[in-house]
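Working notes for the structure below.
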Amino acid sequence: MENRPLEYDYTVAKWFMLSTIVLGIVGMLVGVILAWEMAFPAVNTIAGSGLAEYTNFSRLRPLHTDAVIFGFTLSGIFSTWYYIGQRVLKVSMAESKFLMFLGKLHFALYLLVVVAVVGSLLLGITTSKEYAEFEWPIDIAVVVVWVTWGMGIFGLIGIRREKSLYISIWYYIATFLGIAMLYLFNNMEIPTYFASGGIGAWYHSVSMYSGTNDALVQWWYGHNAVAFGFTVPIVAMIYYFLPKESGQAVYSYKLSLLAFWGLMFVYLWAGGHHLLFSTVPDWMQTMGSVFSVVLILPSWGSAINMLLTMKGEWQQVAASPLIKFMVLASTFYMFSTLEGPIQAIKSVNALAHFTDWIVGHVHDGTLGWVGFMIMAALFHMAPRIFKREIYSKSLMGTQFWIQTLGVVLYFTSMWIAGITQGMMWRAHDEFGNLAYSFIDTVAVLHPYFTIRAVGGTLYLVGMFLFAYNMYKTMTSSRRVEESELQNASPMGA
Amino acid sequence: MFHWLEKNPFFFAVAVFVVIAFAGLIEILPNFAQASRPVIGTKPYTTLELAGRHVYIKNSCNACHSQLIRPFKSETDRYGHYSLSGEYAYDRPFLWGSKRTGPDLMRVGNYRTTDWHENHMKDPAAVVPGSIMPAYTWMFKNTADIDTAYAEQLTVMKAFAVPYNKELPMADGSKATVALADTVEGARASALEEAKVIAADMKDQDVKDAVTAGQVPEIVALIAYLNSLK
């Protein structure tokens with residue numbers, strides 16, 4: 001009995017895998033609609049002018065960001081946690097009825113929140129704060145979901161057999177703590193219905209911070225929601241899946257230590273770079289700017305550690321589309337964490353802020369790094385969860401190239417758009433008057449908006465290929481034996 | 001030490017929390033009280049303006065329009081005086097935005113009129129050829145939520161001592177008072193009075209009829225808010 005391998009229970013991982021795929025498609029589809037609306041405004045009324053309230057750009061925009069952050073990405077984080085957690089702690093969810101119950105409860109509550117969020121955002125019930133749009137009843141539900149997950153994490157750690165926590169577990173713990181702290185403080189609000197003795201809408205609330213303070217807290221949150229949603233847990237994934245899939249040991253333990261603690265310390269300071277030249281005090285802006293540049297070190301620490309893990313094994317990149325996804329994800333991570341600090345330099349920010357260059361930066365990070373890594377994780381997990389090989393290797397390769405092309409079109413067009421618009425806003429003629437009216441700076445962007453929409457559409461097409469490949473893998477692919485599941489994932493033609 | 005932490009999850013979590021909480025404490029706390037003081041001339045929103053602000057938020061206008069003028073010549077030429085911290089003292093939430101797909105609106109009340117907004121919200125491209133802003137026709141039909149705006153006013157007056165019914169110094173040396181009704185019926189009545197002034201400058205017959213019948217369409221509240229941005 002002692003030598004028999006553990007039977008891990010992947011029920012919850014499987015459920016979150018499905019929500020990753022479904023919410024990914026929903027969020028990206030909304031994103032693609034938004035992109036076409038910017039290129040061709042007639043798309044705003046595509047469902048008729050009667051429904052325009054629910055299909056126009058401004059009502060859909062928070063739905064896009066929240067669906068990809070809290071739908072696609074968060075589902076991916078939860079799914080990989082319920083997979084990696086058991087395996088590196090050497091304990092099965094099946095060993096504890098309580099943890100199993102918590103996991104299932106976690107998923108059920110999460111789905112309820114998703115439904116509430118989609119409904120309320122479409123109705124325009126929002127606090128306006130980016131990535132924190134939810135009103136107080138949903139905020140409370142989010143806290144419950146988060147605490148349920150946290151109890152699951154620490155419960156599993158509590159009954160672990162492997163005493164030392166693997167690097168990925170560090171990052172999951174940090175994700176849990178970081179988001180908990182940020183979310184609580186940013187959403188401090190007073191429900192007006194109760195404070196006023198029962199007047200008006202019951203779900204409405206007012207922020208406890210005003211003006212400049214509100215902005216400061218929001219961007220401390222907003223920037224670090226990126227840290228603890230788009231960076232920390234994704235690093236957790238790559239530290240597990242790249243060594244597993246390639247059969248290579250992590251290049252340097254010391255580098256991973258340095259990168260982890262460096263990232264924890266430095267990231268939180270950098271939120272100020274969203275507020276350069278605003279009304280927050282100058283010293284805070286400078287701190288935000290300086291720490292953003294310092295942030296290159298821990299970010300590149302992780303990324304280089306991953307690329308060096310592939311040392312001497314680069315033929316795998318050519319041979320396996322799964323390795324391609326992860327290596328390109330890591331490369332986009334380096335790229336994005338260099339671009340961000342450049343934009344945080346004050347003189348660059350003066351040009352880039354409020355333009356599409358920022359949108360481009362977000363998307364090379366999310367599409368290239370977060371999206372690719374999550375899809376690679378799902379591809380790696382699927383054969384082990386469903387005991388079937390990945391349905392089609394060639395489809396996976398096709399998806400890789402279509403999506404890579406999509407990302408490249410996206411960020412290159414947004415660079416040009418952003419820098420063009422920034423330069424036109426500040427251009428003066430020979431008499432010192434503004435050279436362009438605002439609408440001139442919008443009209444010039446049309447071709448770039450169109451290219452971006454094409455890029456986004458390509459990425460979405462890749463998502464559909466991904467969903468199809470995963471569906472076939474779950475249902476009709478060739479069954480595989482445990483012995484085939486050592487390193488490289490088995491793939492069909 | 002790190003090896004020890006990796007075997008002791010509780011202390012590991014504590015260490016992580018201390019390291020990540022540090023920056024927030026140092027950056028956010030010291031300036032908190034200072035940043036929330038109003039400058040002279042800043043007034044809290046009236047019931048109708050606040051209801052309009054809710055319409056602005058409901059439709060995520062802040063997704064495309066900033067309310068933050070940076071201290072550059074090109075921005076002050078285009079939008080007016082650069083923003084001061086105290087001007088936002090009564091803004092809960094702040095609406096600085098993060099993207100200018102459309103122009104900044106911090107001082108739009110200085111250079112646009114009720115009439116301009118009415119035409120523009122109905123068909124942006126007819127007023128600004130080449131505009132990619134969608135039309136907001138439903139605002140002419142939906143009714144603004146005056147009660148919730150009033151509830152918010154009561155809340156901020158109680159919780160944050162926002163100075164309703166108090167004399168406030170204005171930039172020209174005069175005094176101004178923003179009245180807040182004692183009851184929700186009173187608030188509805190004063191919002192309607194304000195709405196009548198706006199509707200008088202509008203052309204849309206349905207909007208005029210609604211206001212005559214005692215209703216406040218969303219567009220009227222929104223225009224009241226936009227006109228207050230100075």
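Restricting region B:10-40 to residues that are at the interface with another protein chain (Cβ under 7 Å from one of its Cβ atoms) and touching a residue at least 12 places away in the same chain (Cβ under 8 Å), which is nearest to the chain's Cα centre (by Cα)?
Ranking the qualifying residues of region B:10-40, first place goes to B:SER36.
Just wondering, is there one or more residues in region A:202-225 that are outside any helix (DSSP H, G or I), facing another protein chain (nearest Cβ under 9 Å) and without any contact (Cβ under 8 Å) to a residue 12 or more places away in the chain? Give the steps one after another, and end with the answer.
Initial filter on region A:202-225 (outside any helix (DSSP H, G or I)): A:202-210.
Keeping just the survivors that are facing another protein chain (nearest Cβ under 9 Å) gives A:204-210.
Now drop any that are not without any contact (Cβ under 8 Å) to a residue 12 or more places away in the chain, which leaves A:210.
There is at least one residue in region A:202-225 that is outside any helix (DSSP H, G or I), facing another protein chain (nearest Cβ under 9 Å) and without any contact (Cβ under 8 Å) to a residue 12 or more places away in the chain.
How many residues, within region A:270-306, are among the hydrophobic types (A, V, I, L, M, F, W, C), in contact with a helix residue (DSSP H, G or I) (Cβ under 6 Å, 6 or more places away or on another chain) and free of Cβ contacts under 8 Å to residues at least 24 places away in the same chain?
1
Out of everything in region A:149-164 that is buried (at least 18 other Cβ atoms within 10 Å of the Cβ) and β-branched (Val, Ile, Thr), what residue ends up being nearest to the chain's Cα centre (by Cα)?
The residue in question is A:ILE153.
Would you be able to say whether some residue in region A:40-59 is under 18 Å from the mean Cα position of the chain (by Cα) and crowded, with 20+ Cβ neighbours inside 10 Å? I'd like the intermediate steps shown before the answer.
Of the residues in region A:40-59, the ones under 18 Å from the mean Cα position of the chain (by Cα) are none.
No, region A:40-59 contains no residue that is under 18 Å from the mean Cα position of the chain (by Cα) and crowded, with 20+ Cβ neighbours inside 10 Å.
Which residue, of A:VAL370, A:VAL348, is of a type in the set (A, V, I, L, M, F, W, C), under 21 Å from the mean Cα position of the chain (by Cα) and not assigned by TED's automatic domain parsing to the domain that holds A:LEU18? Outline the logic, then answer.
Numbers: A:VAL348 fails: under 21 Å from the mean Cα position of the chain (by Cα).
Answer to the check: A:VAL370.
Condition first: within 22 Å of the chain's Cα centre (by Cα) and under 15 Å from A:TYR251 (Cβ atoms). Now tell me which residues in region A:290-322 satisfy that.
Correct list: A:TRP300, A:GLY301, A:SER302, A:ALA303, A:ILE304, A:ASN305, A:MET306, A:LEU307.
So, in region B:128-148, exactly how many residues are part of a helix (DSSP H, G or I) and out of contact with any Gly (no Cβ under 6 Å at 6 or more places or on another chain)? Spell out how you get there, then give the answer.
Looking only at region B:128-148, we keep the residues that are part of a helix (DSSP H, G or I), and these are B:137-140, B:146-148.
Filter again for out of contact with any Gly (no Cβ under 6 Å at 6 or more places or on another chain), leaving B:137-140, B:146.
Summing the residues that are part of a helix (DSSP H, G or I) and out of contact with any Gly (no Cβ under 6 Å at 6 or more places or on another chain) in region B:128-148 gives 5.
How about region A:254-277: which of its residues are facing another protein chain (nearest Cβ under 8 Å) and surrounded by fewer than 21 Cβ atoms within 10 Å (Cβ to Cβ)?
Those that are facing another protein chain (nearest Cβ under 8 Å) and surrounded by fewer than 21 Cβ atoms within 10 Å (Cβ to Cβ): A:LEU257, A:TRP261, A:PHE265, A:PHE277.
Output yes when any residue across region B:161-172 is at the interface with chain A (Cβ under 7 Å from one of its Cβ atoms) and among the small types (Gly, Ala, Ser), and no when none is. Spell out how you get there, then give the answer.
Applying the first criterion (at the interface with chain A (Cβ under 7 Å from one of its Cβ atoms)) to region B:161-172 yields none.
For region B:161-172, residues at the interface with chain A (Cβ under 7 Å from one of its Cβ atoms) and among the small types (Gly, Ala, Ser): absent.
Can you tell me which condition A:ALA443 does not meet? The list is (1) away from chain B (no Cβ under 13 Å); (2) more than 30 Å from A:VAL317 (Cα to Cα); (3) of a type in the set (A, V, I, L, M), and all the others hold.
Status for A:ALA443: all satisfied but (1).
Out of contact with any Pro (no Cβ under 8 Å at 6 or more places or on another chain) and more than 27 Å from A:THR126 (Cβ to Cβ): does that describe B:THR183?
On the way: out of contact with any Pro (no Cβ under 8 Å at 6 or more places or on another chain): yes; more than 27 Å from A:THR126 (Cβ to Cβ): yes.
Yes.
Tally the residues that are buried (at least 21 other Cβ atoms within 10 Å of the Cβ) and under 30 Å from B:ALA187 (Cα atoms), restricting the search to region A:207-239.
Residues flagged as buried (at least 21 other Cβ atoms within 10 Å of the Cβ) and under 30 Å from B:ALA187 (Cα atoms) within region A:207-239 amount to 8.
Among the residues of region B:122-141, what is the count of those that are buried (at least 17 other Cβ atoms within 10 Å of the Cβ) and within 16 Å of B:ALA51 (Cβ to Cβ)?
Residues meeting the conditions: 4.
Tally time: how many residues in region A:124-148 are more than 30 Å from A:PHE98 (Cα to Cα), surrounded by fewer than 21 Cβ atoms within 10 Å (Cβ to Cβ) and small (Gly, Ala, Ser)?
Count: 1.
Please count how many residues of region B:128-149 are in contact (Cβ under 8 Å) with a residue 24 or more places away in the chain and more than 7 Å from chain A (Cβ to nearest Cβ).
10
When only residues in region A:165-176 that are in a helix (DSSP H, G or I) and touching a residue at least 40 places away in the same chain (Cβ under 8 Å) count, which is nearest to the chain's Cα centre (by Cα)? Spell out how you get there, then give the answer.
Narrowing region A:165-176 to residues in a helix (DSSP H, G or I): A:167-176.
Keeping just the survivors that are touching a residue at least 40 places away in the same chain (Cβ under 8 Å) gives A:167-172, A:174-175.
Details: A:ILE167: 20, A:SER168: 17, A:ILE169: 18, A:TRP170: 18, A:TYR171: 15, A:TYR172: 14, A:ALA174: 15, A:THR175: 12 Å.
So, considering only residues that are in a helix (DSSP H, G or I) and touching a residue at least 40 places away in the same chain (Cβ under 8 Å), the one nearest to the chain's Cα centre (by Cα) is A:THR175.
So which helices (runs of 4 or more DSSP H) are wholly in region B:41-127 and hold at least 1 residues that are on the phi < 0 side of the Ramachandran plot and away from chain A (no Cβ under 11 Å)? Spell out how you get there, then give the answer.
Values: elements: B:47-58, B:73-79, B:114-122, B:124-127.
So the answer is B:47-58, B:114-122, B:124-127.
Let me spell it out: the conditions are (1) in a helix (DSSP H, G or I); (2) closer than 22 Å to A:GLU53 by Cβ; (3) among the small types (Gly, Ala, Ser), and B:ALA151 meets all of them except one. Which number is the exception?
If we test B:ALA151 against (1) in a helix (DSSP H, G or I); (2) closer than 22 Å to A:GLU53 by Cβ; (3) among the small types (Gly, Ala, Ser), just (2) comes out false.
Quick check on region A:181-193: of everything there that is part of a helix (DSSP H, G or I) and more than 9 Å from every other protein chain (Cβ to nearest Cβ), which residue is farthest from B:PHE12 (Cα to Cα)?
Applying the first criterion (part of a helix (DSSP H, G or I)) to region A:181-193 yields A:181-186, A:192-193.
Then keep just the ones that are more than 9 Å from every other protein chain (Cβ to nearest Cβ); that gives A:183-184, A:186.
Working: A:TYR183: 21, A:LEU184: 21, A:ASN186: 25 Å.
Checking each candidate, the answer is A:ASN186.
The values are calculated or read from the model by the stated rules, or taken from the named source; none is laboratory data. This structure is a prediction, so every number in the text was calculated from the model and none was measured. So basically every Cβ, Gly included, is an ideal-geometry build from the backbone, and we count neighbours across all protein chains shown.
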